[in-house]
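S.K.: What follows is a structure written as structure tokens; I'll ask about it next.
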Amino acid sequence: MALMITDECINCDVCEPECPNQAISMGKEIYEINPAKCTECVGHFDTPQCVQVCPVSCIPINPAHVESNESLWAKYRLLQQQAVVPPATPAD
Ligand code: SF4
Ligand code: SF4
């Protein structure tokens, strides 16, 4: 599952640098998690780092993005590939 940030977020900026997948960014009003990038920290850490550091505990599981452990690992591998292999540039 990906995680999500609720409107209880106080924009403390603590979680964003902790994410190993760069899945957290500032949204319109509060921080947001990109579900395509969040692996629940699978592949990097035993526990979700953002949840560990959030002072107001506002990062629950995103019910719209329920995923198995296998699919989180697949997402992790895909993200690693994307990080290593730059996207092809279209020919002129
Ligand atoms: Fe990033 Fe991990 Fe939090 Fe997902 S659980 S947003 S990968 S720090
Ligand atoms: Fe918001 Fe929690 Fe992240 Fe702070 S750590 S910016 S309160 S989600």
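S.K.: Can you pull out every residue in the stretch 8-20 that is touching a residue at least 40 places away in the same chain (Cβ under 8 Å) and either more than 7 Å from ligand 2 (Cβ to nearest atom) or touching a Ser or Thr at 6+ places or on another chain (Cβ under 6 Å) (or both)?
M.R.: E8
S.K.: When R77 is evaluated against the numbered criteria (1) of a type in the set (K, R); (2) within 25 Å of C12 (Cβ to Cβ); (3) surrounded by 11 or more Cβ atoms within 10 Å (Cβ to Cβ), which criterion, by number, is the only one it fails?
M.R.: The failed condition is (2).
S.K.: Looking at the stretch 16-32, which of its residues are under 22 Å from Q82 (Cα atoms), part of a loop (DSSP other than H, G, I, E, B) and either in contact with a strand residue (DSSP E or B) (Cβ under 7 Å, 6 or more places away or on another chain) or among the acidic types (D, E) (or both)?
M.R.: A23
S.K.: Sticking with this structure for a sec: State which residue is farthest from the chain's Cα centre (by Cα) when the search covers only the stretch 43-66 and only residues that are in a loop (DSSP other than H, G, I, E, B) and either among the acidic types (D, E) or near ligand 1 (Cβ under 8 Å from one of its atoms) (or both).
M.R.: D46
S.K.: Could you tell me which numbered condition P48 fails, if it satisfies all but one of (1) over 18 Å from Q82 (Cβ atoms); (2) free of Cβ contacts under 8 Å to residues at least 40 places away in the same chain?
M.R.: Among (1) over 18 Å from Q82 (Cβ atoms); (2) free of Cβ contacts under 8 Å to residues at least 40 places away in the same chain, P48 violates only (2).
S.K.: Against the condition surrounded by 18 or more Cβ atoms within 10 Å (Cβ to Cβ) and near ligand 2 (Cβ under 9 Å from one of its atoms), how does C54 come out, does it pass?
M.R.: yes
S.K.: Identify, from the list E18, E70, the residue that is within 9 Å of ligand 1 (Cβ to nearest atom) and acidic (D, E).
M.R.: E18
Just so you know, all these numbers are worked out from the coordinates, no wet-lab data involved. This one's a predicted model, so the numbers in the text were calculated from it and none came from an experiment. When we count neighbours, we look across all protein chains shown, and the Cβ atoms used for this are built from the backbone with ideal geometry, even at glycine.
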